[in-house]
Amino acid sequence: MFTVSSLGRDKYDPNNTSPWIRPAGVSTAVQESAKDALTWQERPQTPPEQKKYRQSTVHEPGIIVRHYGAAEDPLPEGPFGDKTKSQPGESVSDYLKGYPNTEIGRWALERSEDVYASSKKEPLGKGFVRGYKIPDGLGTERPFGVVIDAKAKDRGNQAGTIIFPTDLPPEEENEATHTMYVRSHAAYAPGEQRRRNYDWDKTGVNPEDHRFGAVDKDDYREGVRKALQPGLDQTAPQPAKVASKLHEDFKLSATDYLGKTRKLGTGERPQLPPDHAFGMPSLRRGPEPGVEKLLHGAYTPEQQQPDADLGKSLREGWRNIAPEGRTFGVPSIRTDIPLPKATSVSNTINYGNEPDALQLLRPPRSVERGIHEEHYMQLRPKDDVRELVKEADIEMDDATFDRVFEMAAQADGESQQCCLDTFFRARHHDLSRTIQVAVPF
């Protein structure tokens, strides 16, 4: 049976300072507190029949990874694989041993290294072996080369005399010797002109006064400079000079002329009286505006009117006039869309079923018992309303109840249903007609 207890909590908690505020999330118990939410329970173990499907089991250290389809299959009896026999080789201790200390050990090491090419060509303590067959005693008992008694000749200065003889008379330089050195070593004298022995008589050219190469008819000089700077060429047509008036005015005002004042663009200065004062006056004629006038302004009613294009688009083709009373944008309370079947904590949209600022600041007394506004606005059949009135100890006979219920059902637009809020409003209207009591709303 539907009673008033179904609208509130099962038990009343006197220690709860804000019982009208609903707890966030899904609550499994009515009296669940923050202590219960922060008290962690031990994590339950995975059932054995589901453990083989979990990744934590697959990656568990020390466990052989097997497919969950063959995880419970029994392993066949061993032994597994084929036996192998390894050949003993050189151990690490053999490589870590140093150079042998005994003669037998060193001789054995040399014999084992005789097979290397470096040991054959570059034996330890000997020169590079190139395979030459040197006669016996060559290089040790008798030297290489031919004996010329160089030390004795060097003491007698015979080597220097052979290279630069000084005991011969100086040779006189003649034309034939110089010509020979010019031809063999190109030994020209300083400043000497190279002559190739041309026969100028046959050509009819006097090299003393003849000028070789092409001769320009016009004596045109500084051609590259004039090509880069055409203004230096006086023979070329000069283009018309078009200067900016701004630059000319600046030049005219910034140039100082001897014996004249600088022209500042004010024209010819008239004859001023001796008591003339230049500059702007500090106090103009008429009353000056004060701080109040500057803050409030002195705009006329015409200037205070809004602009003609206020609220209108300045773009051509987009100046559609909106209908009167139209509100653009999305409303804050979305009563235009249906309420979702399942509510979520992350959903911040207000669908019109949440309390407003007045209810949050001054909540009704029924909130302390867990009864909210939606419970009063919920449509209920006639039997449920009768049972709630009876549980609330409201004295009302059957005729009065039927009359008030019919009035509330007509106000809600239902035939056999009404909400509690409409029912009690209808009851106040009925009391105002019977006992002349003013309606409190």
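The residues listed here are LEU258, LEU283, LEU228, LEU246; of these, the one that is modelled with pLDDT under 80 and exposed (fewer than 10 other Cβ atoms within 10 Å of the Cβ) is LEU283. Annotation note: of LYS217, LYS241, the sole residue that is part of a loop (DSSP other than H, G, I, E, B), within 60 Å of the chain's Cα centre (by Cα) and among the charged types (D, E, K, R) is LYS241. Residues that are surrounded by 10 or more Cβ atoms within 10 Å (Cβ to Cβ) and among the acidic types (Asp, Glu) were ranked within the range 56-86; the one that is farthest from GLN45 (Cα to Cα) is GLU72.
Criterion applied to GLU406, GLU387, GLU368, GLU395 was being of a type in the set (Asp, Glu), under 27 Å from PRO19 (Cβ atoms) and at pLDDT 85 or above, and the one residue passing it is GLU387. Is it fair to say THR327 is surrounded by 11 or more Cβ atoms within 10 Å (Cβ to Cβ), assigned to a loop (DSSP other than H, G, I, E, B) and under 51 Å from the mean Cα position of the chain (by Cα)? Taking the combined requirement at face value, the residue does not satisfy it. Could you tell me whether GLU110 is surrounded by 10 or more Cβ atoms within 10 Å (Cβ to Cβ), out of contact with any Phe, Trp or Tyr (no Cβ under 7 Å at 6 or more places or on another chain), part of a loop (DSSP other than H, G, I, E, B) and at pLDDT 80 or above? No; evaluated as a whole, the condition is false for this residue. Applying the set (1) in contact (Cβ under 8 Å) with a residue 24 or more places away in the chain; (2) over 25 Å from THR17 (Cβ atoms); (3) of a type in the set (Phe, Trp, Tyr) to TYR376 leaves exactly one unmet item: (2).
Restrict the check to the range 46-67 and report whether at least one residue is in a helix (DSSP H, G or I), out of contact with any strand residue (DSSP E or B) (no Cβ under 7 Å at 6 or more places or on another chain), acidic (Asp, Glu) and modelled with pLDDT of 75 or more. Scanning the range 46-67, I find at least one residue that is in a helix (DSSP H, G or I), out of contact with any strand residue (DSSP E or B) (no Cβ under 7 Å at 6 or more places or on another chain), acidic (Asp, Glu) and modelled with pLDDT of 75 or more, so the answer is yes. For the range 162-175, the condition of being under 30 Å from ALA150 (Cα atoms), out of contact with any strand residue (DSSP E or B) (no Cβ under 9 Å at 6 or more places or on another chain) and not in a loop (DSSP other than H, G, I, E, B) holds for at least one residue.
Hey, can you tell me all the residues within the range 115-135 that are in a loop (DSSP other than H, G, I, E, B) and either among the small types (Gly, Ala, Ser) or surrounded by 10 or more Cβ atoms within 10 Å (Cβ to Cβ) (or both)?
Result: TYR116, GLU122, PRO123, GLY125, GLY127, VAL129, GLY131.
The values are calculated or read from the model by the stated rules, or taken from the named source; none is laboratory data. Quick caveat: nothing in here was measured; it's all calculated off a predicted structure. Reconstructed Cβ throughout: ideal geometry from the backbone, glycine too, with neighbour counts over all protein chains shown.
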